[in-house]
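Please read the structure below before turning to the comments.
Just so it is clear, none of the values below were taken in a lab; they were calculated from the coordinates. It should be emphasised that the depicted structure is a prediction, and the values quoted were computed from it without experimental measurement. In this analysis, Cβ positions are derived from the backbone assuming ideal geometry, glycine residues included, and neighbour counts consider all displayed protein chains.
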Amino acid sequence: MDFDLENPLTSFDARRPDSVSSLFDAESEQCFPDHGGFNGPARQAALSLIFQVRAQFALNIDPFVPYLAVNYLDRFLSKQTVPVREKPWMVRLLSISCLTLASKMMKIDFSIADFQRQEGFIFDAQTIRRMELLILGALEWRMRSVTPFCFLSFFLTFFSPNDPPLITPLKARASEILFKAQTEVKLMEYKPSILAATALLSASHELFPIQFPSFRNAISRCVYVNKEKLFMCWNVIQNMVMDGCDSAFVMDLSRDTPLTVLDVHCSSSESEKTDGRDLKKRRTDGFCDDTCHLSRAQRW
């Protein structure tokens, strides 16, 4: 069966509750809570090379190929250490091998030879093959990665009205956010489902603000969603895409509850005392403007 990044499980059927449950069960190994232990220089160098390929072959390669390659890269680095200083060539070989594995999984043909020549290094097919086997071993041959894209269709069912003219741009914008999210190391600790839900909420808030509150409430009540993680992920993503977090998400999740998510205190005098560093911190904490700050979080 061909590999589909949006439907990686061969037996998945969105109409069956047990299939949906199995998809959420399969995502546990796709997040990296201990991302602080990652080899930062190695990942940064590898990402640079993979994204360079994405830019160079933009018209000839499926964008899911470099995305899947980065997924393989992160899973590999979570288990193996790459001596980037002693063997800088190994990072290049790792990047190319992740790309070739991803292209094989997606059954997309593209030649890496031209890119290698431009970069001034060329690895022969046998060398790349050996690195591919090393990656496969580290990943235990589990190449059908469960990514945030697997959950977009599921969470889109919570959006109302469920009309194609709204769903299509919503999904497209969420996909753009997910592609960008791969560069943010702070997001590595979140499960793919949380990333998918948050990307859709961010896209909804941007494109369809009227529908956003009900969409937010519906997703937050989903039995598969950890609301605390959802809120934390929202802050990181909003800071990434907007250079600040909008306060809309931290309002009441439903009008029929007496508890707000956060206590919001407004004070113009505090605004006058705030310098640039305080403003930046408040934005990452979910500030709505220069006069509002969040004092404490309550349970959702």
Loop-resident sites, the stretch 178-248, for trypsin sites (Lys or Arg not before Pro), counting at most 10 other Cβ within 10 Å (DSSP): none
Residue order, fewest to most beta carbons within 10 Å, for Trp234, Trp89: Trp89, Trp234
Estimated distance in nm for a label pair at Gln52 and Lys107, the labels positioned 7 Å out from Cα along Cα-to-Cβ: 3.2
Approximate spin-label separation Lys186-Leu207, in nm, with each point projected 7 Å along Cα-to-Cβ: 2.5
Pairwise label distance in nanometres, Val223 with Glu176, each label 7 Å out on the Cα-Cβ vector: 3.6
Per-residue Cβ neighbour rank within 10 angstrom, fewest leading, Met106, Met232: Met232, Met106
Pairs beyond 28 Å (Cα-Cα), from Lys87/Lys107; Lys186/Lys227; Lys107/Lys229; Lys180/Lys229: Lys87/Lys107; Lys107/Lys229
Ascending count of other beta-carbon atoms within 10 Å, so fewest first, for Glu132, Glu176, Glu228: Glu228, Glu176, Glu132
The stretch 61-204 - percent relative contact order, Cα under 8 Å, separation 6 or more: 25
